[in-house]
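Undergrad: Okay, handing you the structure first.
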Amino acid sequence: MPTLFVSSAERRFIQTVSRLVYCNPFTVERVRLEREALGAEYDEPEVAWNLDPRSDQRHRNVEHILSKVEATIEAIRPRYRDGAGRADERMIYADAVYFVIYHRMNGLLDQLIAQAHADGGGRRRVSIYSGFLEAYNEWFGEERPIDPAHLFACFFQIRRAFHHIFRFFVGRTPAATQLRARLYQSIFTRDLGRYQRALYQRMTLIPTLITGPSGSGKEVVARAIGLSQYVPFDPKERIFAEDFTQQFYAINLSALSPTLIESELFGHRRGAFTGALQDREGFFAACGQGGTVFLDEIGETDLGIQVKLLRVLQTRQFQRLGEVRSESFLGKIVAATNRDLPTAISEGKFREDFYYRLRADVVQTPDLAALVGGDRGELTFLAGHVATREAGEVDAAELVHDFESWCRSHPGYGWPGNFRELEQAMRSLLVHGEYDPPAAVERGNALTSQLVATKWTLKELTSVYITELYRRTPNYEELARQLGVDRRTIKKYLDHAPFNREEPEVERQV
């Protein structure tokens, strides 16, 4: 059988492009593969293109690779149509075609996403599919390496995921880039090729648990995952099976009674309880294929509700209040909490079996300090993102200037309210030209001042901190795990606290 590639250089290039197609765009691997594909032609100033979500420019390295791929597969296409090449060679040719079609359709897919968000989506006819199908047939002829309707649905999903991750999670520090990469994996797994072949039909079976402090963007993470689920495309009707903008159902479990939670999630029959004046469809029934139910504050739920939610996760079945007939849940569950669930389990407030059923996929949102990473310039960068969103492009610079002035007059302020507080501060500066931290924050600042006023050395201060934690968790191994050190470090600091210590209680297992 004649080879598909004329030269080994041609083969290596297309193999690299094939890996580019399936790699996580928010990792260093993406940059490494771009550099490998272009060699000496790689543009180093563009190395961090995937770190600045505010950038809407076309990226030179991507454009250069795209042009080079098109020229290469144009030369290969006649041999492909004649049936030349081994199966693996024909597969990477197909991957290169996917790369070209996807990048050539990016702008149109972005318009489709923006239009859906602007007017509520709707299951309208998708006119751009005709152009996609024409390009598919042009490159493959009579071959069908993948169902074109499925490929189009995957392209739309990938573009939605990129949009919802890249545009809503700003930051250039390792914490920010790691969060974006983790989110992309939560949607597609670590193997996009395997996802495209089969896992796209099964990812709704895997729940996602989001943990992190208050104000760190857990609902934004949940929404990014929920709005980026796979939605099948009907090539005859030229419409998607579901409107992705209407398939995210959020409920704050800490704000409702158990009965109201059940009514919201499971639905109810008329007369099922006092006040149930008519039948109601719950979120689990309304959430169709590609939909997501977001359970916020999952750590605050009643044990009885936990049992019922566990059953939904295990069986994918639920019952409306007042009914015995079971219905199927087709969507995905995403839950979030700022509580330490293992501690809640030890206190009898959270079911262990429910916890382990939830945590197949865990995403942890970093606090603002981690996002900034000690870089004041990064804090200003984040403030600039908020300013653009709140004040618009024209007035954003002036608002950022006000923010910088406020920061200079409040050196060392720690933003304990996390990203949510930063947003509120920018709004306050926009409206009033000033920002007054909440009283609770002021008390925190008083504590900071008190600590600074002590005569303790850093070693003594660390000893005080670890001693206090040990009173709450009197177990060397567990406390060492929580703090990311070994047990000998814990013991060393316990022995050097700067006050008369009583002997600690006998270490117990927790």
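The values are calculated or read from the model by the stated rules, or taken from the named source; none is laboratory data. None of the values given here were measured: they were computed from a predicted structure. All Cβ positions, glycine included, derive from the backbone under ideal geometry; neighbour counts span all protein chains shown.
Undergrad: Just to verify a result, which residue in segment 359-396, among those that are among the polar types (S, T, N, Q) and closer than 19 Å to Gln424 by Cβ, is surrounded by the most Cβ atoms within 10 Å (Cβ to Cβ)? Write out each step before concluding.
TA: The first filter runs over segment 359-396 and keeps only residues among the polar types (S, T, N, Q), leaving 364-365, 380, 388.
With the extra rule that they be closer than 19 Å to Gln424 by Cβ, the set shrinks to 365, 380, 388.
Numbers: Thr365: 26, Thr380: 16, Thr388: 18.
Filtering segment 359-396 for residues that are among the polar types (S, T, N, Q) and closer than 19 Å to Gln424 by Cβ, the one surrounded by the most Cβ atoms within 10 Å (Cβ to Cβ) comes out as Thr365.
Undergrad: Which count do you get for residues in segment 416-436 that are of a type in the set (Val, Ile, Thr) and crowded, with 18+ Cβ neighbours inside 10 Å? Before you say what the answer is, go through the steps one by one.
TA: Kept after step one, since they are of a type in the set (Val, Ile, Thr), are these residues of segment 416-436: 431.
After this cut, where a residue has to be crowded, with 18+ Cβ neighbours inside 10 Å as well, the list is none.
The total comes to 0.
Undergrad: Filter segment 109-140 for residues that are within 16 Å of Tyr98 (Cβ to Cβ) and surrounded by fewer than 13 Cβ atoms within 10 Å (Cβ to Cβ); which is farthest from the chain's Cα centre (by Cα)?
TA: By that ranking, first place goes to Glu138.
Undergrad: Within segment 215-250, which residues are at pLDDT 95 or above and touching a Cys at 6+ places or on another chain (Cβ under 8 Å)?
TA: Within segment 215-250, Tyr230, Tyr249 qualify.
Undergrad: Under the condition of being in a loop (DSSP other than H, G, I, E, B) and among the hydrophobic types (A, V, I, L, M, F, W, C), which residue from segment 282-331 is nearest to Arg351 (Cα to Cα)?
TA: Step one: list which residues in segment 282-331 are in a loop (DSSP other than H, G, I, E, B), which gives 282, 287-291, 297, 301-302, 316, 320, 322-325, 329-331.
Narrowing the set further to residues that are among the hydrophobic types (A, V, I, L, M, F, W, C) leaves 287, 324, 329-330.
Details: Cys287: 25, Val324: 25, Phe329: 22, Leu330: 24 Å.
Out of the qualifying residues, it is Phe329.
Undergrad: Looking at segment 354-401, which of its residues are touching a Gly at 6+ places or on another chain (Cβ under 6 Å) and more than 30 Å from Arg190 (Cβ to Cβ)? Break it down into steps so the answer makes sense when it comes.
TA: So in segment 354-401, the residues touching a Gly at 6+ places or on another chain (Cβ under 6 Å) come out as 364-365, 371, 400.
Of everything in segment 354-401, just one residue is touching a Gly at 6+ places or on another chain (Cβ under 6 Å) and more than 30 Å from Arg190 (Cβ to Cβ), namely Val400.
Undergrad: For Gly288, are the conditions met, namely being surrounded by fewer than 14 Cβ atoms within 10 Å (Cβ to Cβ) and either of a type outside the set (S, T, N, Q) or farther than 28 Å from Gly212 by Cα (or both)? Lay out the reasoning, then the answer.
TA: Numbers: surrounded by fewer than 14 Cβ atoms within 10 Å (Cβ to Cβ): no; either of a type outside the set (S, T, N, Q) or farther than 28 Å from Gly212 by Cα (or both): yes.
The answer is no for Gly288.
Undergrad: Is it the case that segment 467-481 has a residue that's of a type outside the set (Val, Ile, Thr), surrounded by fewer than 12 Cβ atoms within 10 Å (Cβ to Cβ) and at pLDDT 80 or above?
TA: Quick first cut of segment 467-481, residues of a type outside the set (Val, Ile, Thr) only: 468-472, 474-481.
Filter once more, keeping what is surrounded by fewer than 12 Cβ atoms within 10 Å (Cβ to Cβ): 468, 471-472.
Then drop every residue that is not at pLDDT 80 or above, which leaves none.
No, the conditions are met nowhere in segment 467-481.
Undergrad: Any residue in segment 218-225 that is in contact (Cβ under 8 Å) with a residue 24 or more places away in the chain, surrounded by 20 or more Cβ atoms within 10 Å (Cβ to Cβ), of a type in the set (D, E, K, R) and over 20 Å from Glu327 (Cβ atoms)? Step through it out loud before you land on a result.
TA: Keep residues of segment 218-225 that are in contact (Cβ under 8 Å) with a residue 24 or more places away in the chain, which gives 218-225.
Retained after the next criterion (residues that are surrounded by 20 or more Cβ atoms within 10 Å (Cβ to Cβ)): 218, 221-222, 224-225.
Add one more test, that the residue is of a type in the set (D, E, K, R), and what stays is 218.
Among the residues that remain, those that are also over 20 Å from Glu327 (Cβ atoms) are: 218.
Yes, segment 218-225 contains at least one residue that is in contact (Cβ under 8 Å) with a residue 24 or more places away in the chain, surrounded by 20 or more Cβ atoms within 10 Å (Cβ to Cβ), of a type in the set (D, E, K, R) and over 20 Å from Glu327 (Cβ atoms).
Undergrad: Taking the condition farther than 30 Å from Leu494 by Cα, at pLDDT 90 or above and part of a loop (DSSP other than H, G, I, E, B), does Asp436 pass?
TA: Numbers: farther than 30 Å from Leu494 by Cα: yes; at pLDDT 90 or above: yes; part of a loop (DSSP other than H, G, I, E, B): yes.
Judged against the criteria, Asp436 is a match.
Undergrad: Identify, from the list Asp234, Asp191, the residue that is assigned by TED's automatic domain parsing to the domain that holds Cys23 and surrounded by fewer than 20 Cβ atoms within 10 Å (Cβ to Cβ). Let's see the steps before the verdict.
TA: Values: Asp234 fails: assigned by TED's automatic domain parsing to the domain that holds Cys23.
Just a single option satisfies the conditions, and that option is Asp191.
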